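**Student:** For reference, the structure I am asking about is given below.
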Amino acid sequence: MRTSLFAAALAALLLAGCGEERKPPRPEPLVELTLTGPPDAATTRDDTMAVSGSVSPARASVQVLGEDVAVEGGKFTADVPLEPGANLIDVAASASGRRSDFAALRIVYEQRVELPDVTGRDADDAREELEGLGLDVATEDAGGFLDPILPGPPKVCEMQPGPGAQVAPSTEITLRVARDC
């Protein structure tokens, strides 16, 4: 009895919908978001990047990295701070009565360190300073046969790459050290 009551109710629901013409819902138009700069997968040595683009309709709102950005005449620009290494910048555009549009950019911030001149300085102090800059330090013995018996601590005779070179963090710097250069 219970099964037939369920079947009757189901049949009534199905028949109630018959004969009615149902139109599929009209899809909302899409907000059009176009990024004009920088190009995807760009590399920079600056710690900020200007992200720009346009939206249609011009009244659309834009967010870059979750922050609202001013839109004027359908165009926008936002200065984005970058972290060293790879950055993913998301951009979203929305407008009332329209489906939102999204885009993302990959930007690589290639941070550089200028090497200080540590030649002539105590080898341990030079190592500490360079490691403080995020560099890897290797040392090579540049002293002669009698160097171990000479007085005083070893000092830096030469460095590779040389002073003033621009290198990426974690670059290995080789210090040639001896008590008497």
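**Student:** From 113, 137, 167, which residue is at pLDDT 95 or above and either on the phi > 0 side of the Ramachandran plot or surrounded by 14 or more Cβ atoms within 10 Å (Cβ to Cβ) (or both)?
**Tutor:** On inspection, the qualifying residue turns out to be 137.
**Student:** Next up: Could we say that residue 54 is among the polar types (S, T, N, Q), buried (at least 17 other Cβ atoms within 10 Å of the Cβ) and over 15 Å from residue 104 (Cα atoms) here?
**Tutor:** Judged against the criteria, residue 54 is not a match.
**Student:** Restricting the stretch 26-46 to residues that are at pLDDT 95 or above and among the acidic types (Asp, Glu), which is surrounded by the fewest Cβ atoms within 10 Å (Cβ to Cβ)?
**Tutor:** Ranking the qualifying residues of the stretch 26-46, first place goes to 40.
**Student:** Right, here's the next one. Would you check if there is a residue in the stretch 95-103 being of a type in the set (Phe, Trp, Tyr), part of a strand (DSSP E or B), within 30 Å of residue 35 (Cα to Cα) and in contact with a Ser or Thr (Cβ under 8 Å, 6 or more places away or on another chain)?
**Tutor:** No, there is no match, as no residue in the stretch 95-103 is of a type in the set (Phe, Trp, Tyr), part of a strand (DSSP E or B), within 30 Å of residue 35 (Cα to Cα) and in contact with a Ser or Thr (Cβ under 8 Å, 6 or more places away or on another chain).
**Student:** Something else now. Considering only residues that are surrounded by 14 or more Cβ atoms within 10 Å (Cβ to Cβ) and within 16 Å of residue 105 (Cα to Cα), which ones fall in the stretch 70-83?
**Tutor:** 76, 77, 78, 80, 82 - these are the residues of the stretch 70-83 that are surrounded by 14 or more Cβ atoms within 10 Å (Cβ to Cβ) and within 16 Å of residue 105 (Cα to Cα).
The values are calculated or read from the model by the stated rules, or taken from the named source; none is laboratory data. Since the structure is predicted, the reported quantities are computational estimates derived from the model, not experimental observations. Don't worry about glycine lacking a Cβ; one is built from the backbone with ideal geometry, like all the others, and counts go over all protein chains shown.
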